[in-house]
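Novice: Please find one structure pasted underneath; my questions will follow.
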Amino acid sequence: MSPLSVLFVILGAAVAQQNAKITMWASQTDAGGCSLPKDSYALQDAFALGDDSSLGNLIYKQGNIDSPCGQVYEFTCKGRQPVKAIVASQNFGGGADLILSTWNKATGQSPGIASCSVKATNMNPLSSSSPVCYTRSISQGNGIIYYTKIMVLNTSGRIASKVAINGNQGSRSSGAWFSVGGNMKPSDSATFTFTDGSTANFPLSQCKNSDEGNVQIFSG
């Protein structure tokens with residue numbers, strides 16, 4: 001690995017990875033990958049995050065560990081203004097794969113490969129300011145919830161590493177979604193624990209329901 005590919009620059013509290021591999025993905029995201037719920041997003045710029053070594057510690061780690069889905073990254077390419085975009089999918093085996101409109105803003109080049117500075121930010125992806133909890137694929141009966149998928153967005157850059165509901169520990173499903181099974185009630189609280197050790201609590205009844213097919217498509 002060349003010295004340039006491991007050069008880091010401190011920008012406030014964030015660390016920018018220089019000379020990260022940037023490519024163009026498609027005109028819009030698809031329903032796979034992070035499968036983010038439909039909502040009012042503050043950004044329409046989006047990309048698929050890969051595990052290319054040029055991304056340094058910003059890679060999407062395989063195994064869905066501490067998923068960065070829904071986080072906002074900032075791209076700064078030579079001679080261009082910084083562009084913020086939402087992690088909407090995975091690009092294993094590659095770098096950061098931007099949708100066309102985001103690629104155009106960030107690089108000003110024809111589709112291909114670019115080397116740009118990339119950093120994670122604490123910007124929230126949604127237009128609202130507070131954390132938002134989502135559920136989907138709920139299995140329930142007689143007031144009891146037996147299974148649900150659950151995730152949280154708008155965490156100011158924090159990444160959820162685990163969740164528990166009424167003593168039932170969740171396991172990673174896909175993207176930033178967790179699967180939780182057990183004996184649960186709508187009044188029970190879901191407790192998310194983030195990689196920095198902080199937590200956030202949501203009564204299940206206050207989580208927004210997002211059907212499996214109710215996925216946000218970003219097109220810039």
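The values are calculated or read from the model by the stated rules, or taken from the named source; none is laboratory data. This is a predicted model, so every value here is computed, not measured. Here Cβ is always computed from backbone atoms with ideal geometry, including for glycine, and neighbour counts include all displayed protein chains.
Novice: Within the stretch 159-177, can one find any residue that is more than 19 Å from Val72 (Cα to Cα) and assigned by TED's automatic domain parsing to the domain that holds Val15?
Specialist: Among the residues of the stretch 159-177, not one is more than 19 Å from Val72 (Cα to Cα) and assigned by TED's automatic domain parsing to the domain that holds Val15, which makes the answer no.
Novice: Among the numbered conditions (1) of a type outside the set (Phe, Trp, Tyr); (2) without any contact (Cβ under 8 Å) to a residue 24 or more places away in the chain; (3) surrounded by fewer than 19 Cβ atoms within 10 Å (Cβ to Cβ), tell me where Ser40 comes up short.
Specialist: Exception for Ser40: condition (2).
Novice: Restricting the first residue to the stretch 94-114 and requiring it to be within 9 Å of Cys77 (Cβ to Cβ), which pairs with a second residue that is among the β-branched types (Val, Ile, Thr) and surrounded by fewer than 23 Cβ atoms within 10 Å (Cβ to Cβ) meet a Cβ separation below 7 Å and a spacing of at least six or different chains?
Specialist: From residues that are within 9 Å of Cys77 (Cβ to Cβ), the pairs are Ala106/Val83.
Novice: Take the stretch 64-117 and flag every residue that is under 14 Å from the mean Cα position of the chain (by Cα), surrounded by fewer than 17 Cβ atoms within 10 Å (Cβ to Cβ) and of a type in the set (A, V, I, L, M, F, W, C).
Specialist: Ile65
Novice: Given the conditions (1) within 25 Å of Phe92 (Cβ to Cβ); (2) exposed (fewer than 13 other Cβ atoms within 10 Å of the Cβ); (3) not hydrophobic (A, V, I, L, M, F, W, C), report the number of the one that Ser187 does not fulfil.
Specialist: Every condition holds for Ser187 apart from (1).
Novice: OK, next. Please go through the stretch 52-87 and pick out each residue that is among the aliphatic types (A, V, I, L, M) and part of a loop (DSSP other than H, G, I, E, B).
Specialist: Ile59, Ile65
Each row is one residue, and each column tells you yes or no for (1) of a type outside the set (Ser, Thr, Tyr); (2) touching a strand residue (DSSP E or B) at 6+ places or on another chain (Cβ under 8 Å); (3) assigned to a strand (DSSP E or B).
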residue	(1), (2), (3)
Tyr134	no, yes, yes
Ser137	no, yes, yes
Lys149	yes, yes, yes
Ser156	no, no, no
Val163	yes, yes, yes
Asn201	yes, yes, yes
Ser205	no, no, no
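Novice: Residues that are closer than 30 Å to Ile99 by Cα, outside the structural domain of Ser35 (by TED's automatic domain parsing) and over 14 Å from the mean Cα position of the chain (by Cα): does the stretch 180-190 have at least one?
Specialist: For the stretch 180-190, residues closer than 30 Å to Ile99 by Cα, outside the structural domain of Ser35 (by TED's automatic domain parsing) and over 14 Å from the mean Cα position of the chain (by Cα): absent.
Novice: Could you tell me which numbered condition Thr29 fails, if it satisfies all but one of (1) under 17 Å from Thr121 (Cβ atoms); (2) touching a strand residue (DSSP E or B) at 6+ places or on another chain (Cβ under 7 Å)?
Specialist: (1)
Novice: Can I ask one more? Just to be sure, is Thr148 surrounded by 18 or more Cβ atoms within 10 Å (Cβ to Cβ), closer than 17 Å to Gln44 by Cα and of a type outside the set (A, V, I, L, M, F, W, C)?
Specialist: When the stated conditions are applied, Thr148 does not pass them.
Novice: Residues in the stretch 136-153: is at least one more than 23 Å from Glu212 (Cα to Cα), out of contact with any helix residue (DSSP H, G or I) (no Cβ under 9 Å at 6 or more places or on another chain) and in contact (Cβ under 8 Å) with a residue 24 or more places away in the chain?
Specialist: no
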